[in-house]
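Participant: First the structure, which I've put down as structure tokens, then a few questions once you've had a look.
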Amino acid sequence: MRHHTTFRQLEIFEAIARLGSFTRASEALYLTQPTVSMQIKKLTDIVGAPLLEQIGKKVSLTEDGRELAQATHEIFAILERYTMSVAERQGLKKGKLKLMAITTASYFAPRLLGEFAKLHPGIDVSLRVTNKEQVLASMAANLDDLYLLGTPPVEIDVIATPIMDNPIVVLAAPGHPLTREKRLTLERLAREPWVMREAGSGTRKAIEELFHDHGLTIRPRLELGSNEAIKQAILADLGISALSSHALTLHQPGQFAVLDVEGFPIQRHWYAVHPAGRQISVVAQAFLDFLLTQRDGSSCAPMGDWGLLPVEVQQ
């Protein structure tokens, strides 16, 4: 019996080639590692030549693997063009919308996607929430329709459309002594213990740039990998921090104190991003138009109604 390569095998191979890891590919595709390994073994048997080389934990492509990776990109591009042409013929009655967002966007993205889905019930929507590194990797590989980011990438040629304000505010526990002071200076805050996101975070970069512009440096007492962990550290009186105001969406008023600090809030934006060389689908354009309508109507303030949508959260 002759065996043929399946689309799923190519999808798994593409993820390994892009992410450089069996583990990260299995996490990105929500498959077990044995399943990923088995499918790659079947694909290798069908091709009849080694496709991947593994030295330690690093996975690289063989010459045959690089050739297959190029062919896979071409196959996916053809399928993408076909899907787009079908969507154009069907208008917004049917189609798919694939979004990817950094973790902080999970405070508002499901609500907006839920509102769009109610307007267009025939559209199959999906949202993946993960870290910035994986968002940029997927963007470079053209795997999703739109990406929601706080800072457009500079290493990829993209079109970035501002869709919402993203003010960064300084937070403290409600009983913190600084809550009783007005117009706090940056010099005063620089002496406080800080809890911050990891190096490379867009929010952290904006904070450090503001202090640097005033000749100041802040040294974090703790570095944590998520906004939720930072908020718990604030409530445990481990320090103050600065986060997007959207991070307070699901909290009761008064659970956190927003400090009155010169230079804050730092005014930033959320962006809908897609690679510059890619023509977005009719459905993706409709969602982008919807986001701009929401922005212009000032209805994108933090809210507690997320809607009932499945959200894939990747660590």
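Participant: Within the range 254-277, which residues are assigned to a strand (DSSP E or B) and farther than 23 Å from Arg183 by Cβ? Explain how you work it out, then say what you get.
Facilitator: Just the residues of the range 254-277 that are assigned to a strand (DSSP E or B), to begin with: 257-258, 261, 266, 269-275.
Scanning the range 254-277 gives His269, Trp270, Tyr271, Ala272, Val273, His274, Pro275.
Participant: Within the range 183-193, does at least one residue satisfy the condition of being acidic (Asp, Glu) and touching a strand residue (DSSP E or B) at 6+ places or on another chain (Cβ under 8 Å)?
Facilitator: First, the residues of the range 183-193 that are acidic (Asp, Glu): 187, 192.
Filter again for touching a strand residue (DSSP E or B) at 6+ places or on another chain (Cβ under 8 Å), leaving 192.
Scanning the range 183-193, I find at least one residue that is acidic (Asp, Glu) and touching a strand residue (DSSP E or B) at 6+ places or on another chain (Cβ under 8 Å), so the answer is yes.
Participant: Pick from Ala17, Ala69: which is under 24 Å from the mean Cα position of the chain (by Cα) and surrounded by 13 or more Cβ atoms within 10 Å (Cβ to Cβ)? Can you show your working first?
Facilitator: Working: Ala69 fails: under 24 Å from the mean Cα position of the chain (by Cα).
Being under 24 Å from the mean Cα position of the chain (by Cα) and surrounded by 13 or more Cβ atoms within 10 Å (Cβ to Cβ) holds for just one of Ala17, Ala69, which is Ala17.
Participant: Turning to a different aspect of this structure: Have a look at Leu216, Leu224, Leu248 and point out the one that is modelled with pLDDT under 90 and of a type in the set (A, V, I, L, M). Quick ask: steps written out before the conclusion?
Facilitator: Numbers: Leu216 fails: modelled with pLDDT under 90; Leu224 fails: modelled with pLDDT under 90.
After applying the criteria, what remains is Leu248.
Participant: Kindly indicate whether any position in the range 230-238 is under 28 Å from Glu187 (Cβ atoms), among the charged types (D, E, K, R) and either modelled with pLDDT under 80 or outside any loop (DSSP other than H, G, I, E, B) (or both).
Facilitator: yes
Participant: So how many residues does the range 6-17 have that are at pLDDT below 85 and charged (D, E, K, R)?
Facilitator: Of the residues in that region, 0 qualify.
Participant: Got at least one residue in the range 248-268 being among the β-branched types (Val, Ile, Thr) and loosely packed, with under 14 Cβ neighbours inside 10 Å?
Facilitator: Step one: filter the range 248-268 for residues among the β-branched types (Val, Ile, Thr), giving 249, 258, 261, 266.
Still in the list and also loosely packed, with under 14 Cβ neighbours inside 10 Å: none.
There is no residue in the range 248-268 that is among the β-branched types (Val, Ile, Thr) and loosely packed, with under 14 Cβ neighbours inside 10 Å.
Participant: Kindly indicate the residue of the range 224-235 that is out of contact with any helix residue (DSSP H, G or I) (no Cβ under 9 Å at 6 or more places or on another chain) and of a type outside the set (Gly, Ala, Ser) and also surrounded by the most Cβ atoms within 10 Å (Cβ to Cβ) among those meeting that condition.
Facilitator: So, considering only residues that are out of contact with any helix residue (DSSP H, G or I) (no Cβ under 9 Å at 6 or more places or on another chain) and of a type outside the set (Gly, Ala, Ser), the one surrounded by the most Cβ atoms within 10 Å (Cβ to Cβ) is Ile234.
Participant: Exactly one of (1) of a type in the set (D, E, K, R); (2) outside the structural domain of Ile230 (by TED's automatic domain parsing); (3) without any contact (Cβ under 8 Å) to a residue 40 or more places away in the chain; (4) not in a strand (DSSP E or B) is unmet by Arg204. Its number?
Facilitator: Among (1) of a type in the set (D, E, K, R); (2) outside the structural domain of Ile230 (by TED's automatic domain parsing); (3) without any contact (Cβ under 8 Å) to a residue 40 or more places away in the chain; (4) not in a strand (DSSP E or B), Arg204 violates only (2).
Participant: Output yes when any residue across the range 98-106 is assigned by TED's automatic domain parsing to the domain that holds Asn142, out of contact with any Asp or Glu (no Cβ under 6 Å at 6 or more places or on another chain), modelled with pLDDT of 90 or more and crowded, with 19+ Cβ neighbours inside 10 Å, and no when none is.
Facilitator: Here is the first cut: in the range 98-106, the ones assigned by TED's automatic domain parsing to the domain that holds Asn142 are 98-106.
Retained after the next criterion (residues that are out of contact with any Asp or Glu (no Cβ under 6 Å at 6 or more places or on another chain)): 99, 101-106.
Next cut, modelled with pLDDT of 90 or more only: 99, 101.
Next cut, crowded, with 19+ Cβ neighbours inside 10 Å only: 99, 101.
Checked against the condition, which is being assigned by TED's automatic domain parsing to the domain that holds Asn142, out of contact with any Asp or Glu (no Cβ under 6 Å at 6 or more places or on another chain), modelled with pLDDT of 90 or more and crowded, with 19+ Cβ neighbours inside 10 Å, the range 98-106 yields at least one hit.
Participant: Which members of the range 145-198 meet the condition of being among the small types (Gly, Ala, Ser), part of a loop (DSSP other than H, G, I, E, B) and under 15 Å from the mean Cα position of the chain (by Cα)?
Facilitator: We begin by selecting, within the range 145-198, every residue among the small types (Gly, Ala, Ser); these are 150, 160, 172-173, 175, 190.
In the following step, the residues that additionally are part of a loop (DSSP other than H, G, I, E, B) were identified as 150, 173, 175.
Result: Gly150, single match.
Participant: Let me ask something else. Of everything in the range 21-66, what is outside any helix (DSSP H, G or I), surrounded by 15 or more Cβ atoms within 10 Å (Cβ to Cβ) and not aliphatic (A, V, I, L, M)? Give them in sequence order. Lay out the reasoning, then the answer.
Facilitator: Taking the range 21-66 as the starting set, the residues that turn out to be outside any helix (DSSP H, G or I) are 21, 30-32, 48-62.
Subset that is surrounded by 15 or more Cβ atoms within 10 Å (Cβ to Cβ): 21, 31, 51-52, 59, 61.
Within the range 21-66, Ser21 is the sole residue that qualifies.
Participant: Do we have Ala69 as hydrophobic (A, V, I, L, M, F, W, C) and part of a strand (DSSP E or B) here?
Facilitator: Details: hydrophobic (A, V, I, L, M, F, W, C): yes; part of a strand (DSSP E or B): no.
No, not satisfied.
Participant: Hey, another quick one. If Thr293 satisfies every condition in (1) hydroxyl-bearing (Ser, Thr, Tyr); (2) modelled with pLDDT of 95 or more; (3) assigned to a helix (DSSP H, G or I) but one, which is the exception?
Facilitator: (2)
Participant: Taking the range 113-127 on its own, how many of its residues are assigned to a helix (DSSP H, G or I) and acidic (Asp, Glu)? Spell out the reasoning first.
Facilitator: The first filter runs over the range 113-127 and keeps only residues assigned to a helix (DSSP H, G or I), leaving 113-119.
Among the residues that remain, those that are also acidic (Asp, Glu) are: 115.
Adding up the residues that qualify gives 1.
Participant: If you don't mind, another one. Give Leu51, Leu29 a once-over and let me know the one that is more than 20 Å from the chain's Cα centre (by Cα) and without any contact (Cβ under 8 Å) to a residue 60 or more places away in the chain. Spell out the reasoning first.
Facilitator: Details: Leu29 fails: more than 20 Å from the chain's Cα centre (by Cα).
Within the list Leu51, Leu29, the selection yields Leu51.
The values are calculated or read from the model by the stated rules, or taken from the named source; none is laboratory data. What you are looking at is a predicted structure, and each value in this text was computed from that prediction instead of being measured. Using ideal geometry, Cβ is built from the backbone for each residue, glycine included, and neighbour counts are taken over all protein chains shown.
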